[in-house]
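The structure appears below as structure tokens.
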Amino acid sequence: MPNEQLIPLAPLLIALGIMLTIALAVERFMMILNWIIHRLTIIRTVNEPDSEKDYRMKITHAIKAKKEEDHLHLKKKDLPEEAFTGREIEPAPGATESDFDVKTYRPPPKRHILKEFWIQIFASLVAVTGCYIAKFSIWQLVLYPHRWNQGLDLDTSASQPWEYALTGILIGAGTKPVYFLMNFLINRKVMLTREEAKEKRFVTGPLPVEKPGETLPKKSGKVPEPVTVEEIIGFVYNGGNRPDRIENSHHRRQPADLIVYHHTAMHSDSPFDEVVKEFDRKGWMTGYHCVVTKNGEINVLTRWDRIGSHAKGNNYRSLGISLHGNFETTPGVQGANIDGSIGIPFPTPAQLDAAAKIVVLWALLYGIRLDFKKSVVPHNALQPTACPGNNFPHDSFHNLVKDYAAKWRQNQQFKKALSRFKTTPMITT
């Protein structure tokens, strides 16, 4: 029976460490080059000192936050009838109808893509040239693993040009590929027979021998159980996007007693940053409290102890979660995803599962009843809007919420984790 042993990887890791250092230097050089190109292509005129500019910006944000906070505290009965337009996101005070086009994915400008492409090509060429001049190649250590225990005294001058090229390309790609390779090699275990282990002297001391009638102790493969709410659900709570901006505004004047679920009506393949930019473009400092992408990733957008902007006339008392995508396919509805041109027409199982977990977490965290007619409702139950789309599987979603609620209410480990989670900053007012 072969025994699992770790091969000494010190020489290879030293070489990878050198590569990581060079890759980091190349990345910093590319950042500087990118900044220089940006400064040369975009003309900016600044007529006031930075300190005065920062002060003016803070004043502007404070005024904007106060106006927005007052608007968010408006209740449905206080809003004019024409305010209910069926839009997914309520406008900032003074916003016009033209500000609200269909929320489709907007790819970055082609000039930005081309600039990044040529900068990356230049970085790879610089790295390849440097590796060739210095005769530095990682592939000698990769191709001849039997020499690993001999140190770094390898004849790298015998390397082929393609070896220098591959090493340079790996370095030019930045630090992430090198980090990945290092982690892979550190955690990789190689199966060796007893004879190979003795011959190569990779281990010291005798190998354990199993005697008749005796069973050698085996290492436990048990994975540690999650101990925090974030580990149990699978997300990280950090207060969302720029939480400091609303530190002194958007306070709740009453506890939240309503959970509203939405779809973003955006292309499901667009990154979470596009959702953030959409709210910024409309002039809001807050938005949904959570956004779940199609792979089930939970993104916090607005800190939970503050009022969001997602359900006109009910923001003051609600928490909003949105599943990223456009699930409305009815012909004739503005912005409908009829032909799948705006991404997936149905939420994925991973999205529904993650969203259900957050809904139950909010219910247990803030004491909100799980009533699917009164306190956990779709956006279109509050306003004449298509959100969250005609393809949203409400029954399946409700069943997931019920299942997690029943499970976690009886789970002592979750109760303890929830108690600790309540002390997290930016959770409660």
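Consider L323 against the criteria (1) aliphatic (A, V, I, L, M); (2) crowded, with 24+ Cβ neighbours inside 10 Å; (3) within 19 Å of I232 (Cβ to Cβ): it satisfies all of them except one. Which criterion is unmet?
Every listed condition holds for L323 apart from (3).
Of all residues in the range 255-285, which are in a loop (DSSP other than H, G, I, E, B) and either modelled with pLDDT under 90 or of a type in the set (D, E, K, R) (or both)?
Within the range 255-285, D257, D269, K282, G283, W284, M285 qualify.
If you check F235 against the conditions, is it of a type in the set (F, W, Y), out of contact with any helix residue (DSSP H, G or I) (no Cβ under 7 Å at 6 or more places or on another chain) and under 13 Å from T302 (Cβ atoms)?
No; evaluated as a whole, the condition is false for this residue.
So which residues in the range 275-303 are charged (D, E, K, R) and under 16 Å from the mean Cα position of the chain (by Cα)?
K277, K294, E297, R303
Read through the list (1) under 15 Å from F235 (Cα atoms); (2) buried (at least 18 other Cβ atoms within 10 Å of the Cβ), then give the number of the only condition that P347 fails.
If we test P347 against (1) under 15 Å from F235 (Cα atoms); (2) buried (at least 18 other Cβ atoms within 10 Å of the Cβ), just (1) comes out false.
Go through the range 286-335 and give me each residue that's of a type in the set (F, W, Y) and in a helix (DSSP H, G or I).
Passing the criteria: only Y316.
Which of the following residues is part of a loop (DSSP other than H, G, I, E, B) and over 18 Å from F235 (Cβ atoms): A406, A386?
Sole residue among the options that is part of a loop (DSSP other than H, G, I, E, B) and over 18 Å from F235 (Cβ atoms): A386.
Return a yes/no flag: does the range 330-343 have any residue that is more than 25 Å from the chain's Cα centre (by Cα), exposed (fewer than 14 other Cβ atoms within 10 Å of the Cβ), touching a residue at least 12 places away in the same chain (Cβ under 8 Å) and over 19 Å from I298 (Cβ atoms).
The answer is yes; a qualifying residue exists.
Tally the residues that are touching a residue at least 60 places away in the same chain (Cβ under 8 Å) and farther than 14 Å from C290 by Cβ, restricting the search to the range 348-368.
Number of matching residues: 2.
Only one of these conditions is not met by L400: (1) in a helix (DSSP H, G or I); (2) within 23 Å of V300 (Cβ to Cβ); (3) at pLDDT 95 or above; (4) out of contact with any helix residue (DSSP H, G or I) (no Cβ under 8 Å at 6 or more places or on another chain). Which number is it?
With respect to (1) in a helix (DSSP H, G or I); (2) within 23 Å of V300 (Cβ to Cβ); (3) at pLDDT 95 or above; (4) out of contact with any helix residue (DSSP H, G or I) (no Cβ under 8 Å at 6 or more places or on another chain), L400 is out only on (4).
The values are calculated or read from the model by the stated rules, or taken from the named source; none is laboratory data. In this text the structure is predicted, and so the values were computed from the model without any measurement. Note: ideal-geometry Cβ built from the backbone for every residue, glycine included; neighbour counts use all protein chains shown.
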